[in-house]
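One structure is given here, and the rest of the page talks about it.
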2 protein chains.
Amino acid sequence: MLRSHTCGELRKAHVGTEVVLSGWVQRSRDKGGLLWIDLRDRYGITQLTFDESKSDAKVLETARKLGREFVVQAKGLVVERYSKNDKLPTGEIELEVTALEILNAAKTPPFIIEDDTDGGEDLRMKYRYLDLRRNEVRSKLEVRSKLAIAVRNYLADLEFIEVETPVLIKSTPEGARDFVVPSRINQGQFYALPQSPQTFKQLLMVSGFDRYFQIVKCFRDEDLRADRQPEFTQIDCEMSFVNRDDVLGVFEGMTRHLFKTIKGVELDKFPHMTYADAMEKYGSDKPDVRFGMEFINLNEQTQQKGFNVFDQAELVVGICAKGCADYTRKQLDALTDFVRRPQIGAKGMVYMKCNADGSYKSSVDKFYSQDDLKGWAAKANAEAGDLVLVLSGDKNTVRKQMNELRLYMGDALGLRNPNEFSPLWVVDFPLLEWDEETERYHAMHHPFTSPLLEDIEKLDAEPGEVRANAYDMVINGVEIGGGSIRIHDKEMQKLMFKHLGFTDEEAKAQFGFLMDAFEYGAPPHGGIAFGFDRLCAMFGGSETIRDYIAFPKNTSGRDVMIDSPSPVDENQLKELGIGLS
Amino acid sequence: MLRSHTCGELRKAHVGTEVVLSGWVQRSRDKGGLLWIDLRDRYGITQLTFDESKSDAKVLETARKLGREFVVQAKGLVVERYSKNDKLPTGEIELEVTALEILNAAKTPPFIIEDDTDGGEDLRMKYRYLDLRRNEVRSKLEVRSKLAIAVRNYLADLEFIEVETPVLIKSTPEGARDFVVPSRINQGQFYALPQSPQTFKQLLMVSGFDRYFQIVKCFRDEDLRADRQPEFTQIDCEMSFVNRDDVLGVFEGMTRHLFKTIKGVELDKFPHMTYADAMEKYGSDKPDVRFGMEFINLNEQTQQKGFNVFDQAELVVGICAKGCADYTRKQLDALTDFVRRPQIGAKGMVYMKCNADGSYKSSVDKFYSQDDLKGWAAKANAEAGDLVLVLSGDKNTVRKQMNELRLYMGDALGLRNPNEFSPLWVVDFPLLEWDEETERYHAMHHPFTSPLLEDIEKLDAEPGEVRANAYDMVINGVEIGGGSIRIHDKEMQKLMFKHLGFTDEEAKAQFGFLMDAFEYGAPPHGGIAFGFDRLCAMFGGSETIRDYIAFPKNTSGRDVMIDSPSPVDENQLKELGIGLS
């Protein structure tokens, strides 16, 4: 190695040792015949010193030529520092340099490579390889690497086998969001990239693999919204001979293990909440339960009092913001503006303050007496000093709106502490959801999800009421993972496709291979897939591929490696047997 | 769980316990009122027993309905067996079944799911999910999974960070073997799939990542020859501030660790052999050194004796096959036929037998005296009873031919024991190789490989003589991994591109991003990439993706998931903005 130690390694115990370090020049000071250089590598920073009265002239000359980010190799003696730096692990020592070699020069970097950089986002993205030198950015990738290894070891210890399923797969007719990949060899034929290894892993269960996992790239060719990337990473898992609680137990254990070993956080047992409860209490299937502020149904308290808006509403729903009765007009207007944003879409907001003197003040005072308002307060458990915020309308719509308002208030009141973690399982999702556009039911998770046995009889008459044996792991309002017990019976799978509007022929053409496999001894099985990018984000790692690794950009400033494809050569297209139409 | 134990778990210590097992019916015997069923899962086989005189009538009825590969759940009491089966780890016990449930019925499988199956390859490929139930096939994937985890833990312990580089990357003009991926969003634009993360990992070194690895899929759109797959897996690694021997040390350590922990094999220190020596002694840059039979240069001994074929040859080369002097005419003819095969292409073969009586017999006796032949024998270290085989011709051609003959003889003489492992490093590869077709030099590894410093001066006058700081790990004649110390200096990289026939503009267009990065403080670095599929094969795991996971085939018998793309819907192409030309 071009070093004997790293720049993060030397301590007082090394004093008197001859060492060789290699790294980057972080900064230098040249004062009164003394020269100090901070030498940096991934592991830390060590101070190099030079002294006009002692150092070799050539070494000193070289040292004075060094600019920021030069790569150098320094040989010298470890000595104790006069003035210690207790912010640095190496702060008790420094290196008296006796030999110095420039391994590579560097242009002045376009921004400062420190925790606190002066580089704007565009510049840092353009010179991503320099931004990645910063501790903050690099540590995200380190966390990701550690998490992946911890996941693998945890699951391997439980006898899970990691199977790498193919990336170039059969292109199936349904794949409207599949990336397709033309083949040079079989002209006019295409592979697809997998959106998930769902059917692969189910076939592995048919194969008796019993416990499978994979940390795997998945692909989706759709609009690059903020939270969608064309490629993303899943921890994909499947188990045989399991009930729902077996799956939840294993992956709750895994998640608890990760929090403990990587973050030092002990998580309690994860509570279970039904989808119905989550929607009723939080207006969301991924509730942030770090704080309460649960929804209060105020229909009974508010309707039939002459206020038309509430009377006509399917649901009048409130939340109680503790200690917010002193909100000013301006603050309340800001809340109203918030819920009126087009992406939220409420027409207005009603508030009620619980004054310190026991009186109530609401924005709809003319319809409600003090006694009426007292009734609201009682239902909402609101006490003097609290503020009740009320929205109304169509049940599904108003719940979504109130969910946004609740999260907004949670942020405003500092109730969403990023260092606190509140996981839960949301269970009993609906099997099907009605799609207005296509006017038919779609599978809420995917068509392989098993219905709850006790609900199967409702499939014909009340398909929207049938619950699935499906579950999501939610932490701090983020859906970290989701899965289900699967259908393992051919007839049940056919029935499901029928209810999803597939003809027998369509079902056979797309998923015949799986249904055929079910006839040769498919075990009961179920699984889960975690969004690895989201999990990493929860641990302070990167959230998306674009976040964590964006490589050199072209001159237009677009990130050419990740989210912008480029034109290909005409000849290359010809060779592929395709052209631009 | 639908079981309390697995089918491989129960021992004598469990006798008297009530247990629940789930698994597949492997086979059953029904004889004299007694019924035995072997229940199988991934972990083993347990014998279930039923007794007409004791068992519940309904349980017995169900048991008699079971066919092969039915999935069942059996509850019962663990009892000691009368006749133990010492071939099974569970052979001391059996389960007296008290409750039995069919979890899923199965059609009669198209072949027997046993180690010794009656299924032909086509049938087993068609029903791959059934073939994967066989221990032999499943264990290959288990080995692969174990190897991957062992690699990750070994490298993580050495502070390597696993970084997942993007799969959808920028399409570069040179990528004649790149798969291209049209984008729905940016019509007429394409991503490429990476042939390797080479430039990514070099940028990570510029970023100061210091130690990077990744087990990563790579893609190459080219003819599907036997040993080439469109997707394959690499263990990709890179280190900063290293010399060649640092890289070799780390990865020799890793390989030794894998052999020890996964196979229980202790490997000696890997010898180093130069490329020049490997070609001279074995005619191959991946010599199988499990056996000697090194090449003997016989130019001096054979030329100028009137045998035109030898006189005109650039190289006359022999190998000594110990104890083969008794080869019959037929055996010798077979060897001649072998070297004359079109894919080998020799015109003929000369032999010389060292007879027991001290005399020599050769196929070219009329040109050579006994004394001449004695000279051959002396050079070849051939003793009475040995056979010397000789080929001649153009040096490069005849070495390749002799390499084939040597390996053939090694097989014939049982010298290539699959349970013996002889690793070595081949070093000092040529930097450039002449390509007859394009009439210019190509990079033998890739254009980022550093030349040996002492050879740089030859770049202009004798480019073919310049050695690279490149190395391959070879085990048993298989190239397991290869890498090099890289160029980290912009000017050197430009010089390299110039020698590869790139104009400055071409080099800048394709690799400008990397050369620009070199200007901002690139550390000396080097690395290696292992063919993970080949490494797995060496450990008894699967070699190629097609080997280890081939999913349901279409009716034409082609493996639709892996190696055959399919037509896409016309509308899908339209949506992508491309058409068939």
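The values are calculated or read from the model by the stated rules, or taken from the named source; none is laboratory data. Since the structure is predicted, the reported quantities are computational estimates derived from the model, not experimental observations. Please note: Cβ atoms are built from the backbone with ideal geometry, for glycine as well, and neighbour counts cover all protein chains shown. We work out accessible area using only protein heavy atoms, side chains counted, and drop any ligands, DNA or RNA first. Shrake-Rupley method; radii C 1.70, N 1.55, O 1.52, S 1.80 Å.
Under the rule a/c < 1.5 gives rounded, and otherwise a/b versus b/c splits prolate from oblate, where does the protein assembly as shown land using the Cα gyration tensor? Provide the component values of the computation, followed by the final result.
On the way: a/c = 2.07, a/b = 1.32, b/c = 1.57.
Oblate.
Using helices alone, I'd like the mean residue ellipticity at 222 nm for the protein assembly as shown: each DSSP H run of four-plus residues gives -39500 (n - 2.57), total over residue count, nearest 500. Please list the in-between numbers first.
On the way: 34 runs with 331 residues, N = 1162.
It comes out at -8500 deg cm²/dmol, rounded to the nearest 500.
Classify the stretch B:12-104 from the C-alpha gyration tensor, please: rounded if a/c falls under 1.5, else prolate or oblate depending on whether a/b exceeds b/c.
Rounded, because the longest to shortest axis ratio a/c is under 1.5.
List the equivalent ellipsoid semi-axes of the stretch A:291-412 in whole Å, largest first, each obtained as the square root of 5λ for an eigenvalue λ of the Cα gyration tensor. Display every interim value, and only then the final one.
Numbers: eigenvalues 75, 62, 33 Å².
For the stretch A:291-412, the semi-axes come out at 19, 18, 13 Å.
With +1 on each Lys and Arg Cβ and -1 on each Asp and Glu Cβ, and nothing else charged, work out how big the dipole of the stretch B:12-104 is about its Cα centre, in Debye to the nearest 20. Intermediate results must be reported in sequence, preceding the final value.
Numbers: 15 positive and 15 negative charges, 58 e Å.
About 280 debye.
Please go through the stretch B:1-100 and write out the chymotrypsin sites (Phe, Trp or Tyr not before Pro) that DSSP classes as loop and that have at most 12 other C-beta atoms within 10 Å.
Details: sites: B:TRP24, B:TRP36, B:TYR43, B:PHE50, B:PHE70, B:TYR82; in loops: B:TYR43, B:PHE70, B:TYR82.
Those that pass, being in a loop and sparsely packed, are B:TYR82.
Compute, for the stretch A:291-412, the length of the dipole vector about the Cα centre, with Cβ point charges of +1 (Lys, Arg) and -1 (Asp, Glu) only. Units Debye, rounded to 20. Before the final figure, lay out the partial values.
Numbers: 16 positive and 16 negative charges, 57 e Å.
About 280 debye.
Students often get this wrong: which residues of the stretch A:338-362 have the backbone nitrogen under 18 Å from the point 7 angstrom along Cα-to-C-beta of A:VAL309?
It comes to A:338-354, A:361-362, nothing else.
Can you return the lysines within cross-link range of B:LYS322? Criterion is Cα-Cα under 20 Å, with same-chain partners fewer than 8 residues away left out.
Hits, sequence-local ones excluded: B:LYS281, B:LYS330, B:LYS353, B:LYS361, B:LYS374, B:LYS379.
Which lysines, on any chain, are close to B:LYS126 with Cα under 18 Å apart, when same-chain ones fewer than 8 places away are left out?
Result set, ordered by chain and number: A:LYS170, A:LYS201, A:LYS508, B:LYS107, B:LYS553.
Using a simple charge model, +1 on the beta-carbon of Lys and Arg, -1 on the beta-carbon of Asp and Glu, nothing else, what dipole does chain A show about its Cα centre, in debye to the nearest 20?
It works out to roughly 2140 debye.
Averaged across A:486-498, how many Cβ atoms of other chains sit within 10 Å of each residue's Cβ atom?
Details: counts 0, 0, 3, 3, 2, 0, 0, 0, 0, 0, 0, 0, 0.
Whole-number average of other-chain Cβ neighbours for A:486-498 is 1.
Any chance you could check the Cα centroid distance between the stretch A:109-166 and the stretch B:71-102 for me, in angstrom?
50
Identify, among B:MET409, B:VAL339, B:GLY358, the residue whose Cα sits farthest towards the positive end of the charge dipole of the stretch B:291-412, taking +1 on the Cβ of Lys and Arg and -1 on the Cβ of Asp and Glu, with the dipole about the Cα centre.
Result: B:VAL339.
Measuring from label point to label point, each 7 Å out along Cα→Cβ, what is the A:SER53 to A:ARG29 span in nm?
Each label point lies 7 Å from its Cα, and together they span 1.8 nm.
Would you mind getting me the FRET efficiency between B:THR503 and A:GLU454? Use the beta-carbon distance for r and R0 = 56 Å, nearest 0.05. Walk me through the intermediate numbers first.
Working: r = 73 Å, r/R0 = 1.30.
Efficiency computed from Cβ-Cβ geometry: 0.15.
Which of the peptides A:459-472, A:501-514 is most tightly packed, and how do the rest follow, going by the mean number of other Cβ atoms within 10 Å of each residue? Can you show the working numbers first?
On the way: A:459-472: 17.7, A:501-514: 15.7.
The densest-packed peptide leads the list: A:459-472, A:501-514.
Rounded if a/c is under 1.5, else prolate if a/b beats b/c, else oblate: with a ≥ b ≥ c from the C-alpha gyration tensor eigenvalues square-rooted, which is the stretch A:383-532? Don't jump to the answer; show the numbers that get you there.
Working: a/c = 2.98, a/b = 1.90, b/c = 1.57.
Prolate, since a/c reaches 1.5 and a/b exceeds b/c.
From the label point of A:SER369, set 7 Å from Cα along Cα→Cβ, how far away are the matching label points in the other copies, in nm, ordered shortest to longest?
Those label-point separations list as 13.9 nm.
Spin-label point model (7 Å from Cα, Cβ direction): what's the B:MET492 to B:ASP157 distance in nm?
Reported label-point gap for B:MET492 and B:ASP157 is 3.3 nm.
Taking 30 Å² as the minimum loss, tell me which residues in the stretch A:37-74 lose that much accessible area going from the chain by itself to the full protein complex (1.4 Å probe).
At a threshold of 30 Å² (probe 1.4 Å), the residues of the stretch A:37-74 that become less exposed are A:ARG42, A:TYR43, A:VAL71.
What whole number of Å gives the distance from the Cα centroid of the stretch B:375-418 to the Cα centroid of the stretch B:283-306?
For the stretch B:283-306 versus the stretch B:375-418, the Cα centre distance is 7 Å.
Amide H to amide H under 5 Å from A:VAL20: which residues, 5+ apart in sequence or cross-chain, H placed 1.01 Å off N in plane?
Distant-sequence amide H within range of A:VAL20: A:SER4, A:HIS5.
Quick one: the Cα spread of chain B along its three principal axes, in angstroms, biggest first?
Computed over chain B, the largest-to-smallest principal extents equal 93, 77, 51 Å.
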